[in-house]
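The values are calculated or read from the model by the stated rules, or taken from the named source; none is laboratory data. Being a predicted model, the structure only gives us computed values, none of them experimental. So basically every Cβ, Gly included, is an ideal-geometry build from the backbone, and we count neighbours across all protein chains shown.
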Amino acid sequence: MKCYKIWFGLLALNQLAAGLTATSYSIIFILMLELSSSRHTSLVGNSALVSFTLGEALQTLFAYLSKNWQLLKWINLTFIALGLPYLYFMPESPYFLYSKKEYHKLEQLLRQIAQINQRQESDWYPYYQELLKTTSLRVLQQKKLSYIQ
C-alpha cells in the first residue's frame, strides 16, 4: 500500500509540474512572432501552429507505442523543462518596451542587439530617433476626452 502512495505522490508532482509548464507553448508562440520580421509574421505564426499539431500527433503515436505512460509523461516534462531556462536569459522584447514607453531600456536593448549583429550606430540610431520623434508627435496630437464627453 505504501508503494501506491509514493506513486500517487510522484504522479501528483508530475501533474503539477506539467501544469506549470503548459504555458510554454504560448510563450514560445509569442517569442517566435516577436523574433520574426513583420513581413514574415503570418508564415511564422502558421508554422508554429502546424508544428504544434504535428507534435501532438507524434505525442499520440508515442503514447500508443509506449507501454509505460508514466515514463512517457516524465520524458515530456523533462523535454519541456530543458527549454524553460532559455526564457530567463531572453531579453525583454523591443515591442514590449516600446509599448510601455520605456525608451531608455529600449535604447539599451537596441544597442545590445546592434553589437551582437555587428552593426554600427549609424545603421540603426537615425531610425530610432525618427521613431521617437513620430511617437512624441502622435502623443501631442491625441485629443484627451474628459469624463463628461
**Prompt:** Among the residues of segment 68-76, is there at least one that is under 30 Å from residue 109 (Cβ atoms) and not polar (S, T, N, Q)?
**Reply:** no
**Item:** Output for segment 29-52, where each listed residue is of a type in the set (Val, Ile, Thr) and in contact with a helix residue (DSSP H, G or I) (Cβ under 7 Å, 6 or more places away or on another chain)
**Value:** 41, 44
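One line per residue, one yes/no per condition, for (1) within 18 Å of the chain's Cα centre (by Cα); (2) farther than 25 Å from residue 30 by Cα:
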| residue | (1), (2) |
| --- | --- |
| 83 | yes, no |
| 118 | no, yes |
| 127 | no, no |
| 135 | no, no |
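Quick test for you: out of 81, 63, pick the one residue that is over 27 Å from residue 124 (Cβ atoms), at pLDDT below 80 and not in a loop (DSSP other than H, G, I, E, B).
81
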**Message:** Here's a check for you: in segment 21-40, which residue that is aliphatic (A, V, I, L, M) and in a helix (DSSP H, G or I) is surrounded by the fewest Cβ atoms within 10 Å (Cβ to Cβ)?
**Reply:** 35
**Asked** Listed residues 43, 58, 54, 72; which is under 30 Å from residue 6 (Cβ atoms), part of a helix (DSSP H, G or I), modelled with pLDDT of 80 or more and in the same structural domain as residue 11 (by TED's automatic domain parsing)?
**Response** 72
